[in-house]
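Here the structure comes first, spelled out in structure tokens, and everything after it is commentary.
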Amino acid sequence: MATAKLAEGCAVEGRRVLVVRGRHHHRGQVAQSTRALRDRGAEVDSVLCVIDRSGADHPGLDSIGCSVIALFTSDQLG
């Protein structure tokens, strides 16, 4: 169930936050969300995605110094 909140739980200011996504494409939404979390005072340096469908192409996240940790890539899943 999606709640449409930027962050779940307590306030993010001054906290280290990991962005978690079910899948990642290279459309830029994750980078926008990461910037919004940083604007609210969160320390975000990594995004965890279950399935990375971007082909390891993360220009938006690379440009803001954020690494991507993928559990699976689309190539691995066929």
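Tallying residues that are loosely packed, with under 14 Cβ neighbours inside 10 Å and either in contact with a helix residue (DSSP H, G or I) (Cβ under 8 Å, 6 or more places away or on another chain) or among the small types (G, A, S) (or both) within the range 33-63 yields 4. Restricting attention to the range 33-70, the residues that are hydroxyl-bearing (S, T, Y), farther than 14 Å from V20 by Cβ and assigned to a helix (DSSP H, G or I) total 1. Checking each residue in the range 44-77 for being polar (S, T, N, Q) and touching a Ser or Thr at 6+ places or on another chain (Cβ under 6 Å) picks out S46, S67.
Within the range 16-32, the set of residues being modelled with pLDDT of 80 or more, in a loop (DSSP other than H, G, I, E, B) and out of contact with any strand residue (DSSP E or B) (no Cβ under 7 Å at 6 or more places or on another chain) comprises just one member, G28.
Every test in (1) surrounded by fewer than 12 Cβ atoms within 10 Å (Cβ to Cβ); (2) of a type in the set (S, T, N, Q); (3) at pLDDT 85 or above is passed by T3 save one, and that test is (3).
The values are calculated or read from the model by the stated rules, or taken from the named source; none is laboratory data. It should be emphasised that the depicted structure is a prediction, and the values quoted were computed from it without experimental measurement. Positions of Cβ are generated from backbone atoms using ideal geometry, with glycine treated the same way; all protein chains shown enter the neighbour counts.
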